[in-house]
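The values are calculated or read from the model by the stated rules, or taken from the named source; none is laboratory data. Keep in mind it's a predicted model, so treat the numbers as computed, not measured. Positions of Cβ are backbone-derived with ideal geometry, glycine not excepted, and every protein chain shown enters the neighbour counts.
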Amino acid sequence: MKQKITLKEISKRFNVSISTVSKALKDSPEISQKTKEIIQAFAKEHHYKPNNIALSLKNQKTKNIGVILPEIVHYFFSSVINGIERLASEKGYNVIVCISNESFDKEVINMEMLANGSIDGFIMSLSKGTEKEQDFHHINEVINQGMPVVMIDRITDEVKNCDKVIIDDFHGAYSAVSYLIESGCKRIALLTMPDYMSVGKLRTEGYKRALKDAGMEVDSNLIVKLEDFYGGFSPIEDLLKNQQVDAVFGVTEFFAVSAMKIAQKMGKSIPEDISFVGFTDGIISISSSPSLTTVSQHGEDIGAKAANLLINRLEEETTDAPLPYQTEIIKSSLVKRESTR
């Protein structure tokens, strides 16, 4: 089967913008008759068919922003939405939120639906399924057709032409583990995600570096990779039963609090026997007993920064000198509570 030709390829063939190609194919009076005939003939010859991600042109703005997130029950992502909504409202934009439920297929469907003339640009965080598949064609496709995207939190270097907003996951983990070491902990376990998840990988690297910088050995027996966020935590029970552990660092607050509950059932005293630190300063961290020391990601700041970057790009006056793509890093902070010494 022949590969479908794209608007971008046609624009390169005739050295014109994607917008010009799109207008020519729509028989716009803004394009000269000769140019329209040449482009239309070429498209017909190569069996071009408009992609079902049919993007509106810049002069047909909806003043809507599409947001695609892996989940909404997570405190971090709900706070991100608050930040996006606040900034967008100030700038006169509406926000449409879709949830991928950690599914690659659902993420693609959401993007296709929203890009079909409903929105002007995207803010998105990759689903677990997308990171596992390492397939980003749907994101590159909308970017290539002229729709701006801002990636947040879970990002990929495979998508080049977009702005990104992240926290310093490495530094946040490094600071948390260093704090445990300074409090006297010597056997610090790590509850992390599979390596294909970008944030889990960076937080794991921060954990390892903190140990090495303190002259401590990285013990693979103390590192547990959890595939499922909401169940199947028997590996944590095995860790706490079979290994001498005086601290646990979880790359999510859910991991940390789940481990803390298991330790309590085993008769461990917290933080006297085991200290716990998590990531994301959410309701779970505050309401757990004891309350959980966490790395705060400042989700509202991430959301507001992402919305501002996207709106600035949407409102560029000229395409002659487009804004350079940026990666903004939001500083994390350690919130100390009762689960640490």
query: When residues of region 1-47 are filtered for being within 35 Å of the chain's Cα centre (by Cα), in a loop (DSSP other than H, G, I, E, B) and of a type in the set (Ser, Thr, Tyr), how many remain?
result: 2
- line: Within region 121-141, residues being surrounded by fewer than 23 Cβ atoms within 10 Å (Cβ to Cβ) and either in contact with a Lys or Arg (Cβ under 7 Å, 6 or more places away or on another chain) or among the aliphatic types (A, V, I, L, M) (or both) number 0
- prompt: Listed residues ALA210, ALA173, ALA214; which is closer than 15 Å to PHE276 by Cβ and among the small types (Gly, Ala, Ser)?
  reply: ALA173
- line: How many residues of region 210-235 are modelled with pLDDT of 95 or more and either in contact with a Leu (Cβ under 9 Å, 6 or more places away or on another chain) or part of a loop (DSSP other than H, G, I, E, B) (or both)? The answer is 11
message: For region 33-62, give me each residue that is at pLDDT 85 or above and either hydrophobic (A, V, I, L, M, F, W, C) or out of contact with any helix residue (DSSP H, G or I) (no Cβ under 9 Å at 6 or more places or on another chain) (or both).
response: GLN33, LYS34, ILE38, ILE39, ALA41, PHE42, ALA43, LYS44, GLU45, THR62
message: Whether any residue in region 214-223 is buried (at least 18 other Cβ atoms within 10 Å of the Cβ) and outside the structural domain of GLY121 (by TED's automatic domain parsing) is what I want to check.
response: yes
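Among the residues of region 255-265, write down those that are among the hydrophobic types (A, V, I, L, M, F, W, C) and either surrounded by fewer than 22 Cβ atoms within 10 Å (Cβ to Cβ) or touching a Gly at 6+ places or on another chain (Cβ under 8 Å) (or both). Lay out the reasoning, then the answer.
As a first pass, look at region 255-265 and keep what is among the hydrophobic types (A, V, I, L, M, F, W, C): 255-257, 259-260, 262-263.
Those that are among the hydrophobic types (A, V, I, L, M, F, W, C) and either surrounded by fewer than 22 Cβ atoms within 10 Å (Cβ to Cβ) or touching a Gly at 6+ places or on another chain (Cβ under 8 Å) (or both): PHE255, ALA256, VAL257, ALA259, ILE262, ALA263.
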query: Does GLY278 satisfy the criteria of being buried (at least 24 other Cβ atoms within 10 Å of the Cβ) and farther than 25 Å from ARG209 by Cα?
result: no
message: Pairs please, first residue from region 210-221 and more than 11 Å from LEU190 (Cα to Cα), second anywhere and β-branched (Val, Ile, Thr), Cβ atoms under 6 Å, 6+ apart in sequence or on different chains.
response: ALA210/VAL177; LEU211/VAL218; ALA214/ILE181
Residue ID - surrounded by the fewest Cβ atoms within 10 Å (Cβ to Cβ), chosen from residues in region 152-168 that are more than 22 Å from LEU334 (Cβ to Cβ) and touching a strand residue (DSSP E or B) at 6+ places or on another chain (Cβ under 8 Å): VAL159
query: Out of curiosity, is ASP105 acidic (Asp, Glu), part of a loop (DSSP other than H, G, I, E, B), out of contact with any strand residue (DSSP E or B) (no Cβ under 8 Å at 6 or more places or on another chain) and at pLDDT below 95?
result: no
Yes/no for SER291 being surrounded by 22 or more Cβ atoms within 10 Å (Cβ to Cβ) and either in the same structural domain as ILE152 (by TED's automatic domain parsing) or not aliphatic (A, V, I, L, M) (or both): no
field: Extreme residue, modelled with the lowest pLDDT, among residues of region 142-164 that are touching a Lys or Arg at 6+ places or on another chain (Cβ under 6 Å) and not β-branched (Val, Ile, Thr)
entry: ASN144
